[in-house]
Each structure stands twice: as structure tokens, then as C-alpha cells.
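What follows draws every value from the coordinates through simple rules; no lab data is involved. This is a predicted model, so every value here is computed, not measured. Cβ placement follows ideal geometry from the backbone for every residue including glycine, while neighbour counts extend to all protein chains displayed.
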Amino acid sequence: MNVDTIRSVYFIGAGGIGMSALERYFLSKGKVVAGYDRTPSELTKQLMREGALLHFEENTDLIPEACKDPATTLVVYTPAIPPTHRELTYFREHGFELHKRAQVLGVITRSDRGLCVAGTHGKTTTSTMAAHLLYESHVGCTAFLGGISQNYGTNLLLSTRSDLVVIEADEFDRSFHHLTPYMAVITATDPDHLDVYGTKEAYLESFRHFTTLIRPDGCLIIHEGLEMHPDVAEGVTVYTYSREHGDFHAENIRIGGGDITFDFVSPRGTVRDISLGVPVSINIDNSIAAMALAQLNGATDEELRNGMASYRGVERRFDFKIRTPERAFLTDYAHHPAELRQSALSIRELYKGKKLTALFQPHLYTRTRDFYADFAESLSLFDEVILTDIYPAREAPIEGVTSRLIYDRLAPGVEKTLCRKEEVPDIIRTKRPEVLVLLGAGDLDRYVPQLCDILNEPC
């Protein structure tokens, strides 16, 4: 694949958050960008306003003529697309060059210096933090993010002055094996995607292999205490980090009054009084990794301090929609038991003494089947749980696998409700939770504007 000779790029699964960053990248290069997605969304509407030619019917007749020349058209598809998809079949049978999103990012990391953030959870926040720190510093960067940055209103940052590229490295379908990182971060390796990997051991092996891909002149920044063991090439420097220990860590942590402040300790010295722009405790770990990545690439102490204070977060990652003395409503993309646990503990620390209500939509039948007991344990850290039906995404139903598997195992004393997602607005209007957290990677976020209106209604 030669990006310079490509005239058009066609995306199958164009509405995904990761795919949309690539679409914007190629639009910025003056390419014709077109594609298919199953359903329209606010994101696809915005992409169309920016110039993407998108449609929502599986129909080869809707492929633009500009995208029908195999010599000048690159086809990018998401692994969630079935191999029998009509448009994918058309391109395959007509000799087009087909690549997964990660393969395209891999080409970019071989030509530029890729800063790749991987992990079961924390990778979107950490990569967005790192991108913000570098973008606002004298260093600069391009970034392909896994979420919409609240600072910039986009998931793509472009730089003409830096060859650094921040990339969220996705382990699903072993996609991150296409990357060639200059530097890599691994935030967590709690087993996930067992429908793909089969076993925990295979999942950990995938991360081990990822570490072998780091350039010999680069480095690995890995969270302390992970079960996997890195296997880096000779010349790669390995650093550890965590909240309280490692080559990079925090000291003098102060939490109170809605603020979190600490001192950032690194092999290059201590940067005092780091204040988190999004003050939830899990962001201490995330910010340490992000600052380590930025510092190793030249960001100054003052740039780290200013960047962390001005960071505004990622949509659906501890994303506050309402934050008043009387009530709080936030959304969090957490969809793995370990993420739910972190979310609960972080919010509990921020809202001591208040009743915490979780609104959770399980994501995938296989993930629910594999982890329903762990989901119940994590959700039991909330005072109240509202569970909706499973969001299937790419999967067909599995007999006997429903949200009730989680519901029935919630701890005694936890208030609980099982409902269809269409019932959520009425339930929230009745309950009017003090602190409400919408959790999951499904489509409940479509109800956020309506829920905000309900919670803002006078009592």
C-alpha cells in the first residue's frame, strides 16, 4: 500500500470511532472518502458534513464510481464485518487491496514514530492524555484516538511539525500486531475477547508478541504487577509505572474538594503539583503513563503541568453531563468487570456518603457468558444497579445468556432493576438518582440528552 498513489479510500464499517479517525486523516490528504455502515449516527452525520460519502444499505450499486478502480482505491474494513458482506465480497472478487484499520495504522507507524497505547482498559484515556500533552507542547504530534477528545471535539489530531503519531492499539482480533511502535504503553492485561482468543494464556501471549514489535531504539512503559511478561528486542528500554511504585509514579497525592493533585516522579526528576483536569482517581494511573510518554519525547515539566490541568477528558470516559451540589450524572464506556470495578471505586472516592446508581448495558453475549459472575461482583460496589438487555454488536444470541445471569448474582442489599432499554427514561424519572453512572459500550448513550432533561426537571 502506498498512501501517496491512492486517490480514494472506501470504508466498510465507516461509523466506528476508530475508523472515523482514519476517514478524517484521508480527507485531510485530499482523498475521496466513502463507505458503508449499518446505521446512521451523529458521528456519521458529522463525517458526511466533513465530506465523506456514506450510505447505510448493503448495496454495491451505492459504491461511488471514484471507488471502483482497484489501482487507485484502498478498501478498509472492520473485523466486525462478516466475510459474506456483499460489498466486502464485491471488492474481494474484483481484486481490490483490502486492509483492516490496524494494517493501515501499521503502515503509518513504519513511516513515522508511533506511540502506541495498548491494554484491556485505560488505553483510550491514556492515549488521549498523551496526545493532548504532546499536541499542546513544543513537540507536537498526530494522533488517532479511540474516542472523541473533549478538548478538540475530534478523534484525530494532525501535525505538520512532528513525526510522532499517538495510536490507541486495539488487541481485538490481534489488530495491534500490525503496528511497529517506537514507544509502547501497556496499561492492563485482564483477559477479554475470549471469543477471539479462547484462553487467558492466548490473550497474554498476544500482548507478549506486541512487545516484540517495538523498535530497537524505542521503549516500553508497562504497568506494574501485570501477569504477562514482555519480550522486547535488544536495545528497547523497559520502564514500569503505577500509582505508587515503579520508575514513574505519584507521591504526595491530595484528593478533596473535587480536585486531585500529586507530584509526578520519574527517572528525570519530580514534577510537583500536577492537577488533574478530570479528577477521578483512576486517572492518576492513566496520567502517569501519559506523562511518561510525553516526557520521554521532550515535553517540559511546565508543559506536563499545564497539559494535565487543561485536559478535559474523552466522551463517555468519566464524562460528566451534570455536576451540581445536588446531583451528578456521568457516562463511562466501562464494559469489562475490571473497568466497572475501577469506575465504581473512583466514583465512590469522589462522592463519599452519596447513593451511587449504575445504569449498565452488558456488551456482547460472549463477554456476558464468560464474566457474568465478575460483572455482578463489580456492580455490587454500587448501591443501586439498573440492568438492561445485552447489546449484541456483532453477535447472535446465545441460549441461556441474558442480563439475568448478572442480576441474580448481585450482592444482597443492592437495589436492582432489570428492564428493557426503552424503559430507562421512565425508570430514571421515577427514581431520580443522586449520582447516576451510565456504563457500557452499547447504545444507551443515545438516551443521554433525554436523561439530562429528566434529571434537570424541577423536583
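Kindly provide the GluC sites (Glu not before Pro) of segment 289-338 that DSSP labels as loop, not H, G, I, E or B, and whose Cβ sees at most 15 other Cβ atoms within 10 Å.
Here the sparse-neighbourhood loop sites are Glu326.
Could you work out the relative contact order of the chain, using alpha carbon pairs under 8 angstrom and six or more residues apart, expressed as a whole percent? Intermediate values should be presented prior to the final figure.
On the way: 957 pairs, mean separation 48.8, N = 459.
Here the relative contact order equals 11 percent.
Would you mind counting up the charge near Val280? Only other residues with Cβ under 10 Å from its Cβ, with Lys and Arg at +1 and Asp and Glu at -1. It works out to a net charge of -1.
A viscosity of 1.002 mPa s and a temperature of 20 °C, combined with the Kirkwood radius over Cα pairs in Stokes-Einstein, give a translational diffusion coefficient for segment 146-249 of 142 µm²/s. Taking a sphere under 12 Å around the Cβ of Val33 and counting the other residues whose Cβ falls inside, with K and R at +1 and D and E at -1, yields a net charge of +2.
For the pair segment 347-391 and segment 394-459, the centres of their Cα atoms are 9 angstrom apart. Less than 14 Å Cβ to Cβ from Ile253, Lys/Arg counted +1 and Asp/Glu -1: what total charge do the surrounding residues give? That sum, taken over residues with Cβ under 14 Å, equals -4. Dimensions of the chain based on its C-alpha atoms, expressed as ranges along the principal axes with the largest first, amount to 63, 53, 43 Å. Between Gly307, Leu364, Gly146, the Cα set farthest toward the positive side of the dipole of the chain (charges on each charged residue's Cβ, about the Cα centre) is that of Gly307. In the chain, the calculated helix contribution to ellipticity at 222 nm averages -9000 deg cm²/dmol per residue, counting -39,500 (n - 2.57) for every DSSP H run with n ≥ 4. Computed on segment 8-101, with alpha-carbon pairs under 8 angstrom and 6+ residues apart, the relative contact order is 33 percent.
Counting pairs on different chains as well as pairs 8 or more places apart, how many Lys pairs in the chain have Cα atoms under 15 Å apart? Present the calculation step by step, with values, prior to reporting the outcome.
Numbers: Lys31/Lys68; Lys354/Lys431; Lys355/Lys416; Lys355/Lys431; Lys416/Lys431.
Pairs that pass both the separation and distance tests number 5.
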